[in-house]
1. Among the candidates ASP58, ASP48, single out the residue that is open to solvent by 90 Å² or more (accessible area, probe 1.4 Å), at pLDDT below 95, among the acidic types (Asp, Glu) and under 25 Å from ALA92 (Cβ atoms).
2. Within the range 117-142, take every residue that is of a type in the set (A, V, I, L, M), open to solvent by 20 Å² or more (accessible area, probe 1.4 Å) and farther than 22 Å from ALA80 by Cβ and give me the one that is nearest to the chain's Cα centre (by Cα).
3. Go through the range 12-24 and report how many residues are touching a Pro at 6+ places or on another chain (Cβ under 9 Å) and not hydrophobic (A, V, I, L, M, F, W, C).
4. Which one of these does LEU143 not meet: (1) at pLDDT below 95; (2) in a helix (DSSP H, G or I)?
5. Would you call ARG11 assigned to a helix (DSSP H, G or I), over 22 Å from LEU133 (Cβ atoms) and of a type in the set (D, E, K, R)?
6. Could you grab me the full set of residues in the range 1-27 that are free of Cβ contacts under 8 Å to residues at least 40 places away in the same chain and exposed (fewer than 14 other Cβ atoms within 10 Å of the Cβ)?
7. Inside the range 64-93, can you point out the residues that are open to solvent by 40 Å² or more (accessible area, probe 1.4 Å) and among the hydroxyl-bearing types (Ser, Thr, Tyr)?
8. Going through the range 94-116 one residue at a time, which ones are open to solvent by 10 Å² or more (accessible area, probe 1.4 Å), of a type outside the set (A, V, I, L, M) and either in contact with a His (Cβ under 6 Å, 6 or more places away or on another chain) or closer than 18 Å to TYR140 by Cα (or both)?
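The values are calculated or read from the model by the stated rules, or taken from the named source; none is laboratory data. What you see is a predicted model; the values in this text were computed from it and never measured. Cβ coordinates were reconstructed from backbone atoms using ideal geometry, including for glycine residues, and neighbour counts include every protein chain displayed. Keep in mind that these areas ignore ligands, DNA and RNA; they rest on the heavy atoms of the full protein, side chains included. Shrake-Rupley method; radii C 1.70, N 1.55, O 1.52, S 1.80 Å.
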Amino acid sequence: IGMWGARKGARDWPAIIRQIRARIPRAQFRFLGTMVDSALIRRDLQLDTLEGIEFVSDYQPDDLPALLKDCTVGAFPSYAEGFGLAVLEQLAAGLPTIAYDTAGPRDLLGGLRELLVQKSDVSAFAEKICEILQLDPDGYEKLSARSVKCAAEFSWAAIAETTLDAYRAALESA
């Protein structure tokens, strides 16, 4: 999660966590970059227990790889997003990332459309996370590799090449 609020899907998290834990009781959660005090999130989650839930409201960019390395799946239930840098960061770390089908995540997950869920469909969102958590090792490894490949399409080198191609095409047609 990039920040905490209704637009970022904060209201959906209590149901998402409950549904996941109904199927996978030992599932753990790490909220990154919420930019608010964890007491607010704890209150909003309205859960009986916060065991297995970690809050990292702010971190340095260099800390991100270590924060993601022991994660299995990314989650991004944002209702409105311009780009979704957090989605890209999670994909680059090899984390299949579930997101609502909104602008930004939709563009980033072009090659992984199966990770998109209809906006506000909390049950489908939780179900997709459970599916990934329960994949066999080979299936997970393939999905993880596809996630990294998807993120690589948005590297600075790829973006620069696409931009240059667009300029060349414009000059040739002028």
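1. Criteria check complete, one pass: ASP58.
2. Going through the qualifying residues, I end up with LEU133.
3. 1
4. (1)
5. Taking the combined requirement at face value, the residue satisfies it.
6. If the condition is that a residue be free of Cβ contacts under 8 Å to residues at least 40 places away in the same chain and exposed (fewer than 14 other Cβ atoms within 10 Å of the Cβ), then ALA22, PRO25, ARG26 are the ones that fit.
7. THR72, TYR79, listed by residue number.
8. Those that are open to solvent by 10 Å² or more (accessible area, probe 1.4 Å), of a type outside the set (A, V, I, L, M) and either in contact with a His (Cβ under 6 Å, 6 or more places away or on another chain) or closer than 18 Å to TYR140 by Cα (or both): GLY111, ARG113, GLU114.
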